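Chemist: Next up is a structure, given as structure tokens.
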Amino acid sequence: MTIYSQHPRRGKVQVLATYRGPDGVVSATVTSIESAELAGPVVDALNRVSAAATVPVSVYDERGETNEMYPSAHLAALTDVAARADLLTTTHSTWYAMATWLLHEALTDLDDALLAVPVPVRTSVQVELETEARWLCLALAEYTEGDELPQDDDRRVWDFGEHLVALVEGGLADRDREMLDRHEVSAAAREVVEATHDLRVLLEAHARSTEPDVELDLFGPVVSVDPTFAVDVPDGEERYEISVHVPVLDPRWRRRWEISLHRWVDDQFDQDGYAAASHTEEVLCCALPERPEVADVLQVLDQARDRLTEWADTPTGEVLEGTRFVVTQGAEN
């Protein structure tokens, strides 16, 4: 509903809120901060808060035969700290679970950014969040119930499907929603509930990992580490990647948690001898009997860079060194 930006003015940095008003697009000052270094994290977090709050109520849930609106309960977290815990427990759908997780992350980052600024700035930002939440809730009531909006000159105009936010990437884009939705078309309600919990484990692990090359792919969903990605590896040196997979709701796909380690095999080479086309072959797999803890997934991701070659030689029935995971299909197969 709002785009936030920063502009230098008289030795300070102004934080501006840009939104649609009754007469068009309006920019208003939220607060002033001493430096761009302090203002940057605040502006970034505010934009992520605005996007994660607004996008879910600006698109339809298209998983069924009829389009329904997504829940709006997450908006309470903009003004009520106690409501934030609910952002990490929603089971409506995997995409909505991702959106609310992103909102929780953004609000947490905003809290951290505000620790470095004076109390009046924190107060101004809180007032801005209250303003954002108020007008969005009022606009939703008008759209869904026909309630009339207060005719204030400073009101913020919102139209369904026309969200004015700075960020719609990183899980909020249409393609991300469609990618997660496709698995839920024929899933039972209890399976969707489990899938929301599964996805949050991957989101947390991806966010908390200290490994710089960790990647999250919603197509799986899967989180993986490939330390040699985009790196020229000397001829003859093995290249490995490791992935943590969640169960897929589509019955044609994997139905359990798995950790798989693959070896890259080069198929074609360019004129300089570098690999131009490659594929992967599974070296070993750890089939997990239940959903792992985030800390256990982090053990794999954060050690992968130094242990992949060692792990590749782990026989069936043995534990991947430094982790709690047992190989169920090992290198000897």
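Chemist: Using θ = phi - 60° and the Karplus relation 6.51 cos²θ - 1.76 cosθ + 1.60, list the HN-Hα couplings for segment 126-137 in order, rounded to whole Hz, with x at every Gly or Pro.
Modeler: 5, 4, 5, 5, 5, 5, 4, 5, 4, 6, 5, 5
Chemist: Suppose only helical runs count, i.e. DSSP H with n ≥ 4. What mean residue ellipticity at 222 nm does that imply for the chain under -39500 (n - 2.57) per run, divided by all residues and rounded to the nearest 500 deg cm²/dmol?
Modeler: Estimated from H runs of four or more residues: -11500 deg cm²/dmol.
Chemist: Would you work out if segment 117-209 is rounded, prolate or oblate? Take a ≥ b ≥ c from the square roots of the eigenvalues of the alpha-carbon gyration tensor; rounded if a/c is under 1.5, else prolate when a/b is larger than b/c, oblate otherwise. Each step should come with its number before you reach the end.
Modeler: Numbers: a/c = 2.55, a/b = 1.46, b/c = 1.75.
Verdict is oblate for segment 117-209.
Chemist: Could you work out the longest stretch of the chain that avoids the GluC sites (Glu not before Pro) located in DSSP loops with at most 11 other Cβ atoms within 10 Å?
Modeler: Counting at most 11 other Cβ atoms within 10 Å as exposed, the longest clean stretch of the chain is 66-147.
Chemist: Could you tell me what percent of the accessible area of the chain is made up of carbon and sulfur, with a 1.4 Å probe and every protein chain present? Display every interim value, and only then the final one.
Modeler: Numbers: 8100 of 16730 Å².
Taking all protein chains in place, the chain shows 48 percent carbon and sulfur surface.
Chemist: Same structure, new question: Using unit Cβ charges (K, R positive; D, E negative) and no other charged atoms, how large, in debye to the nearest 20, is the dipole of segment 1-131 about its Cα centre?
Modeler: The calculation lands at about 500 debye.
Chemist: Count charges around THR18 for me, please; just the other residues with Cβ under 13 Å from its Cβ, Lys/Arg as +1, Asp/Glu as -1.
Modeler: Numbers: positive: ARG20, ARG156; negative: GLU128, GLU132.
Overall, the nearby charge balance is 0.
Chemist: Turning to a different aspect of this structure: Accessible area per residue of segment 72-122 at 1.4 Å probe, in Å²?
Modeler: For segment 72-122, the per-residue accessible area is 40 Å².
Chemist: State whether segment 284-333 is rounded, prolate or oblate according to the following rule on the C-alpha gyration tensor (a ≥ b ≥ c being the square roots of its eigenvalues): a/c under 1.5 gives rounded; otherwise a/b larger than b/c gives prolate, and the remaining case gives oblate.
Modeler: Note, shape of segment 284-333 comes out oblate.
Chemist: Another question, if that's okay. Please give the FRET efficiency for VAL25 paired with ASN67, using the beta carbon to beta carbon distance and R0 = 25 Å, rounded to the nearest 0.05.
Modeler: After rounding to 0.05, the efficiency reads 0.30.
Chemist: Show me, for segment 6-20, the HN-Hα J-couplings you get by feeding each phi into the Karplus relation (A = 6.51, B = -1.76, C = 1.60, θ = phi - 60°), rounded to Hz, glycine and proline as x.
Modeler: Here the 3J(HN,Hα) series is 10, 9, x, 7, 6, x, 10, 10, 8, 9, 10, 10, 10, 8, 7 Hz.
The values are calculated or read from the model by the stated rules, or taken from the named source; none is laboratory data. For clarity, every value in this text was computed on a predicted model and none was experimentally measured. Glycine gets a Cβ as well: all are built from the backbone with ideal geometry, and neighbour counts include every protein chain shown. Ligands, DNA and RNA are excluded from the accessible area calculation, which covers all protein heavy atoms including side chains. Shrake-Rupley method; radii C 1.70, N 1.55, O 1.52, S 1.80 Å.
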